[in-house]
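Accompanying notes for the structure given below.
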Amino acid sequence: MDQKHFIPDPYEFSLPEGSVQWRSPSNIALVKYWGKKGHQIPANPSISFTLDACATTTTLGFERLDVPTKDFLVEVLLDGKLKESFKPKILQFFQRIESYVPFLKQYQFTIGTHNSFPHSSGIASSASGMSALALCLIEMESQMVEVSEEQFKQKASFIARLGSGSACRSIEGGLVVWGANDAIEGSSDLFGVQFPYEVHPAFQRFHDTILLVDKGEKQVSSTVGHGLMHGHPFAEQRFQQAHQNMGRLKAAISEGNLDEFIKIVESEALTLHAMMMSSHPYFILMKPNTLSIINKVWKFREETGLHLCFTLDAGANAHLLYPENEATEVYEFIKDELVAFCQNGHYICDRVGTGAKQLTMNR
Ligand code: PMV
């Protein structure tokens, strides 16, 4: 399948006006996407848990114009307030997707968004935000041309990817794979697919407690970060390692092998940061409190034998992952010993969720 597959057939009719609303969650990568080849195509495969509590709700209002415009007509609101600073990103997104969503210049749009997590929490809203907007647009399209549920999800993921790579993993629930690799049948560089194998009960209701170590703006944007992998001395080995880790993680998830899962997930997080420390320019994105958390997690694991591990995105916050049947003890430990390392004591309790949901469609 190539990109052309996503150019739609001529629409049967067009919607005059209305609004559509979707809620789409964030996700946390276990094998990390870091590096692109070409246009939003990942240099290596990745797999993530879809989250539940951390989500964006987007309402897309649309009104058909008598004459199509030359420029996109769009207003963006965050929590009901005009947000001019979001507009350039949305306009760039519309430009990227125009050939796949050809009705964009026939409408005037109002995009209203709300994040369940605070804007300044250091949690990236691009995965949930871009996937929610992509879902609203593809929902509109699905009213104009007939599509199956599978086609709908694939196209929403394809469009979300063009906004922010990791957003393509936020459509489906559970575990989602993005990036063609031999271990996962049906995997694609163009869109995310749900992990197509048995998931052992140990991984079914996994928890993710996000410790907000640094709530400031990202030090390195992910666009810059991905770019740092071009000409990186360890890039090729890293991309190969991600392919191997996909195979190893697939086996661990099917067998319920928590020890193997922990080894892969923590190594992936540290490798992501090692890539940033060894690029030019180089960055250290962990903070002293991130390291304190990591050391405490290791000590706790050694002392209790419980299966708590950490992962990191391209920042200082720590995601703590643990199985449902160990949640009581682990949560006590987090509250007693780790919250002290969070900025203003802030953390978010999340867990694996079931994917994006449509809330309303008015036409
Ligand atoms: O989707 P982007 O371009 O913001 O990149 C996300 C990169 C990481 O969060 C660091 C890893 C991942 O796979 O989500």
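The values are calculated or read from the model by the stated rules, or taken from the named source; none is laboratory data. Since this is a predicted model, take the numbers as computed values, not measurements. When we count neighbours, we look across all protein chains shown, and the Cβ atoms used for this are built from the backbone with ideal geometry, even at glycine.
Worth a mention:
- Scope the stretch 133-179; condition in contact with an Asp or Glu (Cβ under 9 Å, 6 or more places away or on another chain) and more than 15 Å from the ligand (Cβ to nearest atom); matching residues: Met144, Val145, Glu146, Val147, Phe152, Lys153, Lys155, Ala156, Gly173
- Restricting Phe261, Phe310 to residues that are within 22 Å of Glu324 (Cβ to Cβ) and away from the ligand (no atom under 16 Å from the Cβ) narrows the list to Phe261.
- Residues in the stretch 125-170 that are in contact with a helix residue (DSSP H, G or I) (Cβ under 6 Å, 6 or more places away or on another chain) and part of a loop (DSSP other than H, G, I, E, B): Ser164, Ser170.
- Filtering the stretch 259-285 to residues that are over 20 Å from the mean Cα position of the chain (by Cα) and within 20 Å of Cys342 (Cα to Cα) leaves only Ile284.
- Residue within the stretch 96-109 that is more than 24 Å from the chain's Cα centre (by Cα) and among the charged types (D, E, K, R) present: yes
Quick grid of which residues meet (1) at pLDDT below 95; (2) buried (at least 20 other Cβ atoms within 10 Å of the Cβ):
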residue: Phe49; (1), (2): no, yes
residue: Leu60; (1), (2): no, yes
residue: Glu63; (1), (2): no, no
residue: Phe72; (1), (2): no, no
residue: Glu75; (1), (2): no, no
residue: Gly80; (1), (2): yes, no
residue: Lys83; (1), (2): yes, no
residue: Phe93; (1), (2): no, yes
residue: Arg96; (1), (2): no, no
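- Scanning the stretch 332-345 for residues that are surrounded by fewer than 16 Cβ atoms within 10 Å (Cβ to Cβ) and not charged (D, E, K, R) gives Val339, Ala340, Asn344, Gly345.
- Listed by first and then second residue, the pairs with beta-carbon distance under 9 Å, at least 6 apart or on different chains, first residue in the stretch 42-67 and in a loop (DSSP other than H, G, I, E, B), second basic (Lys, Arg) and within 16 Å of the ligand (Cβ to nearest atom), are Ala43/Lys36; Ala43/Lys37; Ala43/Arg238; Asn44/Lys32; Asn44/Arg238.
- Test: residue in the stretch 209-221 that is within 13 Å of the ligand (Cβ to nearest atom) and of a type in the set (Lys, Arg): yes
- Here Leu291, Leu312, Leu308, Leu321 are screened, and the one residue that is assigned by TED's automatic domain parsing to the domain that holds Thr209 and touching a residue at least 60 places away in the same chain (Cβ under 8 Å) is Leu321.
- Evaluation of His230 against (1) of a type outside the set (A, V, I, L, M); (2) surrounded by 14 or more Cβ atoms within 10 Å (Cβ to Cβ); (3) within 30 Å of Lys89 (Cβ to Cβ); (4) modelled with pLDDT of 95 or more (one fails), failing number: (2)
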